1. Has segment 102-116 got any residue that is within 11 Å of the chain's Cα centre (by Cα) and on the phi > 0 side of the Ramachandran plot?
2. When you go through SER68, SER31 one by one, which is the residue that is in contact (Cβ under 8 Å) with a residue 60 or more places away in the chain and either in contact with a helix residue (DSSP H, G or I) (Cβ under 7 Å, 6 or more places away or on another chain) or of a type in the set (Ser, Thr, Tyr) (or both)?
3. Quick one: which of ALA92, ALA78 is touching a residue at least 60 places away in the same chain (Cβ under 8 Å), within 24 Å of GLY34 (Cα to Cα) and out of contact with any Leu (no Cβ under 9 Å at 6 or more places or on another chain)?
4. Looking at ASP26, ASP15, ASP70, which one is among the acidic types (Asp, Glu), modelled with pLDDT under 95 and closer than 20 Å to ILE152 by Cβ?
5. Looking only at residues in segment 30-63 that are closer than 11 Å to ILE5 by Cα and buried (at least 22 other Cβ atoms within 10 Å of the Cβ), which one is farthest from the chain's Cα centre (by Cα)?
6. Any idea which residue in segment 72-84 is surrounded by the fewest Cβ atoms within 10 Å (Cβ to Cβ), counting only those that are touching a strand residue (DSSP E or B) at 6+ places or on another chain (Cβ under 6 Å), aliphatic (A, V, I, L, M) and more than 14 Å from VAL120 (Cα to Cα)?
7. Just a yes or no: is a residue in segment 151-159 of a type in the set (S, T, N, Q), assigned to a loop (DSSP other than H, G, I, E, B) and either touching a helix residue (DSSP H, G or I) at 6+ places or on another chain (Cβ under 9 Å) or surrounded by fewer than 22 Cβ atoms within 10 Å (Cβ to Cβ) (or both)?
Amino acid sequence: MTRIISGTAGGVRLDVPSAGTRPTSDRVRESLFGALSSMDVLTGARVLDLYAGSGALGLEAWSRGASSVDLVERSRPAAAVVRRNIGTVAKALRGGPEAKAHESTVLGFLQRATGPYDLVFTDPPYDLDDEAMTADLIALAPLLSPEAVVVIERAKRSSAPDLSAAGLALIREKTYGDTRVWWAEPAAD
């Protein structure tokens, strides 16, 4: 079971696609959002959730005060789940900020998006190669606000993302079991 951990929609259950996604565990999300809360980046944030799967990361941010959330998912069945989850969380939030599902490849979405985004989650399939990850980060860079935080989740065995190619600087790195998470921000000029 996947659920919203905290915020206005805390406890709301989320549907999970039946195949092709790897939901972030509650333990990892709880730790991740604890760190983001301490950085004070959630309230009023414009959020982008890439490789959304169920949408749990973006919807958790929405529950905790994000002003808008764009959730990008290529798979038609998973995008349908994201849309259902948006509706479920919207009922708990009783209006207010906006969340949108975008059925698209990540690179396709980034090439037509306008931004700026304050908080970005990129949780690609573990088999996404390093070259594709770097291309995503490079396409994302011009869409970031100056104070943006980018959270990248990959398998522990994956190599570190090439942050410098996208003009990003590492803030923090942490491993949770088989999952490694990197926090980055736009590098100072």
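The values are calculated or read from the model by the stated rules, or taken from the named source; none is laboratory data. Note that the structure is predicted; figures quoted are calculated from it, not measured. Note that each Cβ is placed from the backbone with ideal geometry, even for glycine, and that neighbours are counted across all protein chains shown.
1. Quick first cut of segment 102-116, residues within 11 Å of the chain's Cα centre (by Cα) only: none.
No.
2. On the way: SER68 fails: in contact (Cβ under 8 Å) with a residue 60 or more places away in the chain.
Of the residues listed, the single one that is in contact (Cβ under 8 Å) with a residue 60 or more places away in the chain and either in contact with a helix residue (DSSP H, G or I) (Cβ under 7 Å, 6 or more places away or on another chain) or of a type in the set (Ser, Thr, Tyr) (or both) is SER31.
3. On the way: ALA78 fails: within 24 Å of GLY34 (Cα to Cα).
None of the other options fit; the residue is ALA92.
4. Working: ASP15 fails: closer than 20 Å to ILE152 by Cβ; ASP70 fails: modelled with pLDDT under 95.
Just a single option satisfies the conditions, and that option is ASP26.
5. Going through the qualifying residues, I end up with SER63.
6. ALA79
7. First pass over segment 151-159, keeping only residues of a type in the set (S, T, N, Q): 158-159.
Add one more test, that the residue is assigned to a loop (DSSP other than H, G, I, E, B), and what stays is 158-159.
From what's left, either touching a helix residue (DSSP H, G or I) at 6+ places or on another chain (Cβ under 9 Å) or surrounded by fewer than 22 Cβ atoms within 10 Å (Cβ to Cβ) (or both): 158-159.
Yes, that holds for at least one residue.
Each row is one residue, and each column tells you yes or no for (1) assigned to a strand (DSSP E or B); (2) surrounded by fewer than 17 Cβ atoms within 10 Å (Cβ to Cβ).
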residue	(1), (2)
ILE86	no, no
VAL89	no, no
LEU110	no, no
GLU131	no, yes
ASP136	no, no
TRP182	yes, no
